[in-house]
Each structure stands twice: as structure tokens, then as C-alpha cells.
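Before any comments, here is the structure.
The values are calculated or read from the model by the stated rules, or taken from the named source; none is laboratory data. The structure presented is a predicted model; accordingly, all values stated were derived computationally and were not measured. As a convention, Cβ positions derive from the backbone with ideal geometry for all residues, glycine included, and neighbour counts pool all protein chains shown. Side chains included, ligands, DNA and RNA excluded: accessible areas come from the protein's heavy atoms. Shrake-Rupley method; radii C 1.70, N 1.55, O 1.52, S 1.80 Å.
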Amino acid sequence: MKKRHLFGALALAGILNLGTTAAQAQEFTHQDTIRGSITPERAWWDLTFYDLNIKVNPQDSSLQGSNTIRYKVLKPEQRMQVDLQSPMRIERVTQNDKELKVEQEGNAWYVQLQEPQKIGEEKEIKVFYSGKPQVSKNPPWSGGMTWQRDSKGNPFVATSCQGDGASLWWPCKDHMYDEPDSMRISVRVPKGLTDVSNGRLEKVQEHADGSKTFSWFVANPINNYGVNVNIADYVHFSDKYKGEKGELDLNYYVLPVNLEKAKKQFKQVNQMLEAFEYWFGPYPFYEDGYKLVEVPYLGMEHQSSVTYGNGYQNGYRGSDLSGTGWGKKFDFIIVHESGHEWFANNITYKDIADMWIHESFTNYSESLFLDYHYGTTAANEYIIGLRKIIQNDTPIIGKYDVNNQGSGDMYPKGANMLHNLRQIVNNDEKWRSILRGLNKEFYHQTVTTKQIEDYLSQQVGRNLNPVFDQYLRDIRIPKLEYKLMTGNKLQYRWTNAVANFDMPVRVYLNGKEQWLEPTTKWQELKNIKPYTKLQVDDNFYVNLSQVPKA
């Protein structure tokens, strides 16, 4: 009803690929519109519940099963859009055991309902489907299934599908604006294997052939790409975290060969939760618990079932993306992907064009983890260090209604924009209250960029639209231009900036702190000392240029 690529699954190459994709994807097809817009066949019904029931066959890389889609009627229409991508196929659709007519248009399947759809009524359809879903060529950056084997030859299977869409492997309403209020996920797997999905394990049913069905229940709204299936010969261990809303269950699923490594490395989960509950408020899914699940790819922010493949080491695959040393103080995947529980799974974009809401805040969360455990200097150095991977190639916000994400700069550049805002607020308790307020105000909601921008402007107490336009919709780095004038005067202005750019900035005049309020027109500061040296605080992502005297 309410309703992440990743630094959450990020490699430097991954960031650059995001930017390249955004730069090149300027021509869009009718299928892009069907996938990315709220079509009339979607708009009339409000999704309330999914009951996904599938059988997974690793031997031939196939799936078969059904999804019951429960919905509330908002307008009396008879034609419903369900999404499922080739080569998967819908076999039939029923309502109250009566088979319905289905027409396919690319990845959209239009169901012609027979019963009257009366406003306010809650109804359901059951979609039967099967096939061999697309195999991910480069998970998690390319969507699909990953079919691998562990060191003992056992199947090691996982899903990842942000951007490309959950409809790669299951039939759903594949648009982010609408989420079910709750969901059941039942997965039948061969003998000796375990499925781990979202939410809490309700039951395990053993069948005559030795296979088992694992049924999981998600008690909270969940976005489509956050739904996951992870299948392996898992071992399980658990822990508890005493958090702001009580005791939070922590469950871990890893390959047996990695059990001892995991018991050591996953202790960082408690450190992560302590830092993020401080900065962002309570973990948003106490009812569903928290899981960390080993997978055969880097990792991703699947809700309450965060996936992990970082090799049980600190950093990003052992490296520090910031180049400062601070990035090796924590396991990047544990911290970043779990940060998405607040920004992606709690607060979710309605359109992937606004993916910065997920990635900018979560990339920024890494610095807040450091701030909590190592101090503000560490946090500052880390976020400043990430600037070296900013491309400034295309805008961070993508094209709306065509399933198009913006530049990969949404990670480091977006994080640095938020770091700018922290400096502008200049009061860490207030900044913390703003971040916690975001997660309270938009709790379990899908949102637009405008909603987030308006909230931040209101809470900061000034119109931040020019700042957002500069960093989210433009590719230029604002430049503070200044000149020393005769008569002990300093003139300054913003250049390389959007119209009306007026971001305040902290500078140092001969080493003494001074706040300036530049605009794109020359401002003047009088009675300065001769031979003044001006420096901009490094925490602002801007450039500085001195203009010679006329």
C-alpha cells in the first residue's frame, strides 16, 4: 500500500557503470513507459498482500509456482496490469477459481476481470507461472538469478533485481509506488537445502521426496526488489540486540565453512545498529527481525534479509574507497547495506529517478557510523575522501516515468551534499533530530524528491531548493570566487552555479572562522585585514578561486 545499485552493491566499476547508463539512456521505449509509469491498469487498485509460493529447481535453473495478489479497489475498472519478464511466462490467472483472459504486451500482462470491481472492496487474483528466469551476468548490478555451487558442490542460489525489476522472477505489480502491507513467501527447495527469505520463519514443511518448503512472513510493507530468495546448505546462529524498541532478533545464515569467520565478523551488526539507531531512530522492522545472509555475490539491502558476500573482511572487498584508511575500520557491506533498512526499505522512492534518496543517505550513513564510533574528524575525512570518485557526468536525478536512474554520483556526491547540509545546520543535535525526524515522518512510506527536499528545507529553516538544484540536477561544482579590493574590502560570489544559488559557507580569514552568505551576485565584506588569506572549510564540496584585482 505504501508504498535500493548500490554503494549497496557497489564496486568502483559499478559506480561508473551507473553513470554511463544514465548518460546513454536518453531514448526510451513504450516498454520503458509501461515499466516505469503508473499506468491506468495499475492506478485503480491498491496492493495490500502478496502470497508468493514457488518451487525452485537448481538442476535446470527453473522456477514454478503462484502468487496470490490481494488488492483494494480504488476505482471501478476491469483491466489489471501484472508484470512478468521473459523468459518467464504466466500460465493462467484465476479469481475465485474462475480462469480469466490474459493478454501479453512485452513484459506486461493484462488481466481482464469478470467480476464487478466495486470501490472499497478487497479482492484477490491468483497468478500461476513458470520458467527459467534471467541469469544475472554481474550480480547485483545486473538483475536476475545467480545459480552457483559451494565448495562441496551444493547449490548456492540467490536473487537480486533492483532496477531490472522483481518481475524478472515473480509476477507482481512491478512499480515502486505501491507496496503490500504484508507478504508471505513460501519456497520449496531440494533435500538438504535451506531457503532464507524476508521476515520471520513461520514453518517448515517436509515433503515425501525429502524436499522442504520454508514459509516466511513479512509483517511490514516491503518493496518488490527487497523481496529475496537465498538457497544453500546454510548453518544458522543468532543473537539479540537491545535497541530503542526493545529486543531485536538477529539471525545469521552462512555456509558451514565460514561459520567461525561469520561469528567474528558479524559482531559488527551490533555496532551498526547502535550507531544507526542513534542517528536515524529505531530499526524500522522489529516485527520482522534482522537477518544477514551469505550469498554468492557482493551483497544487497533486501529488507530484513540483508545479503552478504564481502569475504568476511573490512572495507569494500578489502579496500578503502575513501583512500583515508577509515574505510577499513568497518565491513562496508554490513554497514552500507544495513543502512538501507532506514533509507530504501523504510523510506522508499516512488520512482527510480529519485534513487538518490536511497543511495545518498546510505552512502552518507557510512560517515555517521564512523562519527559514532571514531569521532567527527574520522567521519569528515572519510566523506571528503570519497570525492575522488565523483564523476560529475550527468545529473543525479534520472528521467521520470521510464524506469531510469540517474548518475552513479548519487553515492559520493549525494553524500557530500548531505555533508554540506550538516555544516549549514551547524548543530549536530539538530542535524540528528532532522535525520531521525525523516524516518519518523516518512515511516514505511514511498516518497518523492520534493517531499524530502521540502522536509529538509522546513527543518533546517531556510529554502534549500537552490542547493538541491545544484547538486542533484546540475553537474557543476559551485565555485566561491573572491577578490581583495583596495580599502580593506573583500568581494565574493558563487559562480559555476545554478541561478539564485545562495548556499552559506564557512570560510577562514587569516585562520579565523567566518560565515559568508554568497549569492551569484557580488557581495562585499568591509574592514578586513590587509593581505587577507581566505580558505573554504574542506567540509564543503565547493571550489575556490581568487580573481585578480581589476
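The label-point distance for Q491 and Q523, in a model that sets each label 7 Å from Cα toward Cβ, rounds to 1.6 nm.
Rank T448, T213 by accessible area, highest first, at a 1.4 Å probe radius? Walk me through the intermediate numbers first.
Values: T448 45, T213 15 Å².
If we order T448, T213 from most to least accessible, we get T448, T213.
Between rounded, prolate and oblate, where does region 127-177 land on the alpha carbon gyration tensor, with a ≥ b ≥ c its root eigenvalues, rounded for a/c under 1.5, else prolate if a/b exceeds b/c? It comes out oblate by the Cα gyration axes.
Working note: Karplus 6.51/-1.76/1.60 with θ = phi - 60° gives region 346-351 the couplings 7, 9, 10, 5, 7, 10 Hz, where Gly and Pro are set to x. Partner lysines whose Cα lies under 25 Å from the Cα of K261, excluding those fewer than 8 positions away in the same chain, are identified as K152, K240, K242, K291, K328, K329. A dipole drawn for region 378-453 from +1 and -1 charges on Cβ atoms has a positive end, and of Q423, F442, L386 the residue lying farthest that way is Q423. In this view, the solvent-accessible surface of K132, computed with a 1.4 Å probe and all protein chains in place, comes to about 110 Å².
Cα centroids of region 262-295 and region 483-550: 43 Å apart.
Relative contact order for region 74-117: what percent, with Cα pairs under 8 Å and sequence separation of 6 or more?
Numbers: 61 pairs, mean separation 21.4, N = 44.
Normalised by residue count, the contact order of region 74-117 is 49 percent.
When nucleic acids and ligands are ignored and a 1.4 Å probe is applied, I231 ends up with an accessible area of around 0 Å².
What do you reckon, how do Y283, Y278, Y312 stack up by accessible area (1.4 Å probe), largest on top? Show your work: numbers first, answer last.
Details: Y283 0, Y278 75, Y312 35 Å².
Largest accessible area first, the list is Y278, Y312, Y283.
Amide H to amide H, with H built 1.01 Å from N, F49 comes under 5 Å of R70, D181, counting only residues 5 or more places away or on other chains. By the rule of a C-alpha distance below 16 Å, with chain neighbours fewer than 8 residues away ignored, the aspartates and glutamates paired with K549 are E481, E524. Extension gain for the segment D537 to Q78, taken as residue separation times 0.36 nm less the Cα-Cα distance, is 159.3 nm to one decimal.
Accessible area per residue for the chain in Å², computed with a 1.4 Å probe and the full protein assembly in place, what is it? Before the final figure, lay out the partial values.
Working: 21130 Å² over 550 residues.
Value for the chain: 38 Å² per residue.
The amide H of R149, built 1.01 Å from its N in the peptide plane, has F156 as neighbours under 5 Å, considering only residues 5 or more places off or on other chains. Rounded to the nearest 20 debye, what is the charge dipole size of the chain about its Cα centre when +1 sits on each Lys and Arg Cβ and -1 on each Asp and Glu Cβ? Result for the chain is approximately 1260 debye, rounded to the nearest 20. Region 30-82 and region 112-176 have Cα centres lying 10 Å from one another.
The length gained by stretching the chain between E103 and V235 to full extension, at 0.36 nm per residue less their Cα-Cα distance, is 43.1 nm.
For the residue pairs K101/K126; K413/K479; K72/K126; K413/K483, the C-alpha atoms sit more than 21 angstrom apart in K413/K483.
Quote the FRET efficiency, to the nearest 0.05, computed for V135 versus R462 with a Förster distance R0 of 60 Å and r equal to the Cβ-Cβ distance. The pair V135/R462 has a calculated efficiency of 0.75.
Ranking of S407, S151, S86 by solvent-accessible surface, largest first: S151, S86, S407 (1.4 Å probe, protein heavy atoms only, all chains present).
Expressed as a whole percent, the accessible area of the chain that falls on carbon and sulfur atoms is 45 (1.4 Å probe).
Entry note, region 495-538: relative contact order of 43 percent, from Cα contacts under 8 Å with a spacing of 6+ residues.
Under the definition of Cα pairs under 8 Å and six or more residues apart, what whole-number percent is the relative contact order of region 389-474? Don't skip to the answer; put the middle values down first.
Details: 60 pairs, mean separation 28.7, N = 86.
Reported as a whole number, the value is 33 percent.
Placing unit charges on the Cβ atoms of the charged side chains and taking the dipole of region 462-550 about its Cα centre, the candidate lying farthest along the positive direction among L472, S545, F501 is S545. Quick check: from the Cα gyration tensor, does region 270-396 come out rounded (a/c under 1.5), prolate or oblate? Rounded, because the longest to shortest axis ratio a/c is under 1.5.
For the peptides 340-346, 154-160, residues were scored by their other Cβ atoms within 10 Å and the scores averaged per peptide; the highest-first order is 340-346, 154-160.
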